[in-house]
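Right, one structure below, let's go through it.
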Amino acid sequence: LLVALHHLTRAGAPDASDRAPALAKRYPRMPRVAFSAAPAPAHADTGHGLSAEALWRLLTAASCADEIPPASAAPAADLVELYVAARAVAGMAPGLYHWDATTAALEVLPLPAGHDQALWRALEPGPPRAAAVLVAGRAGVATSTAGPRGYRRMLLAAGAVVPVLIRAAQSGGVLAQAVEPFDEERVDNVLRLGADEELVLAAVALGAPTIADERSAALEEAAAEVGG
């Protein structure tokens with residue numbers, strides 16, 4: 001099955017005969033969180049917090065990840081969507097959001113109450129974090145614009161976002177960790193995504209270390225010194 005998928009999506013695979021334009025995904029009727037331009041880097045405001053402005057800078061950096069083959073029929077931004085589960089972000093209400101890269105704003109997702117808690121249970125990132133960024137691939141757009149090999153390009157585009165997001169966070173003192181593994185199917189269901197059109201491929205937990213994390217790190221350092 002893997003060999004068949006590889007051959008179907010290799011560079012020599014045929015392009016889609018009828019390429020459809022990729023329309024930006026929007027939730028126009030939902031409340032929006034708009035941000036003003038803020039200087040880089042994306043520093044956490046305090047030792048235990050993450051600000052909305054810092055989150056905005058990280059999402060902006062992630063939106064600029066464009067490390068897929070130049071022959072792609074669709075830009076990387078058209079192949080990937082970003083969602084945010086905000087738990088303790090200063091200046092933002094807890095909840096689930098969609099990142100609208102075209103206007104650099106967060107849109108509140110039209111989901112029933114309790115879906116954010118269900119999503120965190122599906123992620124189970126270990127110690128509680130301030131937020132999580134979910135990287136979803138637009139499978140429908142990828143295959144309609146580039147045929148079968150568009151699916152591979154979508155995976156490459158989503159894979160490029162994760163290290164960019166983590167590097168941008170770490171450069172500003174924001175803790176960032178890829179969540180692996182997590183219940184992809186449950187996350188898709190919580191966000192009400194259709195797997196044929198869109199599916200979550202990766203998740204990155206964000207937030208400054210908690211007191212428990214700092215104690216654990218201190219114990220590890222002490223153990224290493226004793227062992228040395």
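Some points to look at:
- Scanning segment 179-198 finds no residues that are more than 20 Å from residue 108 (Cα to Cα), assigned to a helix (DSSP H, G or I) and modelled with pLDDT under 90.
- Of the strands (runs of 3 or more DSSP E) lying entirely inside segment 2-119, those containing at least 1 residues that are modelled with pLDDT of 60 or more and open to solvent by 50 Å² or more (accessible area, probe 1.4 Å) span 32-34.
- Residues satisfying the stated conditions in segment 135-172, i.e. open to solvent by less than 10 Å² (accessible area, probe 1.4 Å) and not in a helix (DSSP H, G or I): 135, 136, 137, 147, 172
The values are calculated or read from the model by the stated rules, or taken from the named source; none is laboratory data. Because the structure is a prediction, the values reported are computed rather than measured. Surface accessibility is based on the protein's heavy atoms, side chains included, excluding ligands, DNA and RNA. Shrake-Rupley method; radii C 1.70, N 1.55, O 1.52, S 1.80 Å.
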